[in-house]
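S.K.: Once you've had a glance at the structure underneath, I'll fire off some questions.
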Amino acid sequence: VGGQYQPIEPNEQGWLWSNRLGLYLGVYQQQLRYFTQVGELVPLPEELVQQAQLKAQQAEEKVEQLKAQLRALGIEPQ
């Protein structure tokens with residue numbers, strides 16, 4: 001406020017709310033992490049990549065399952 005730091009009171013979990021960021025700052029698995037207003041962990045960029053890779057792998061597996069079902073019905077997928 002006015003170029004001066006102001007103390008922030010922690011919530012029940014010990015997290016600190018940042019009005020500027022719209023996020024809590026707290027500790028998760030011994031790391032300093034951000035949390036949403038409802039307490040959800042904000043994923044790190046590498047976690048987002050891992051999630052995207054997992055979803056892509058699951059989608060590929062689903063495509064292969066559907067192709068196998070089509071073949072079982074006598075339809076050759078393209």
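The values are calculated or read from the model by the stated rules, or taken from the named source; none is laboratory data. Owing to the predicted nature of the structure, the values given are computational and were not obtained by experimental measurement. We place every Cβ from the backbone using ideal geometry, glycine too, and count neighbours over all the protein chains shown. In case anyone asks, the SASA skips ligands and DNA or RNA and just uses the protein heavy atoms, side chains included. Shrake-Rupley method; radii C 1.70, N 1.55, O 1.52, S 1.80 Å.
S.K.: If ARG33 meets every condition in (1) exposed (fewer than 11 other Cβ atoms within 10 Å of the Cβ); (2) touching a Leu at 6+ places or on another chain (Cβ under 9 Å) apart from one, which number is that one?
M.R.: Answer for ARG33: the failing condition is (1).
S.K.: Would you check which residues across segment 1-23 are open to solvent by less than 90 Å² (accessible area, probe 1.4 Å), in contact with a strand residue (DSSP E or B) (Cβ under 9 Å, 6 or more places away or on another chain) and within 19 Å of PRO45 (Cβ to Cβ) and list them?
M.R.: LEU23 - this is the single residue of segment 1-23 that is open to solvent by less than 90 Å² (accessible area, probe 1.4 Å), in contact with a strand residue (DSSP E or B) (Cβ under 9 Å, 6 or more places away or on another chain) and within 19 Å of PRO45 (Cβ to Cβ).
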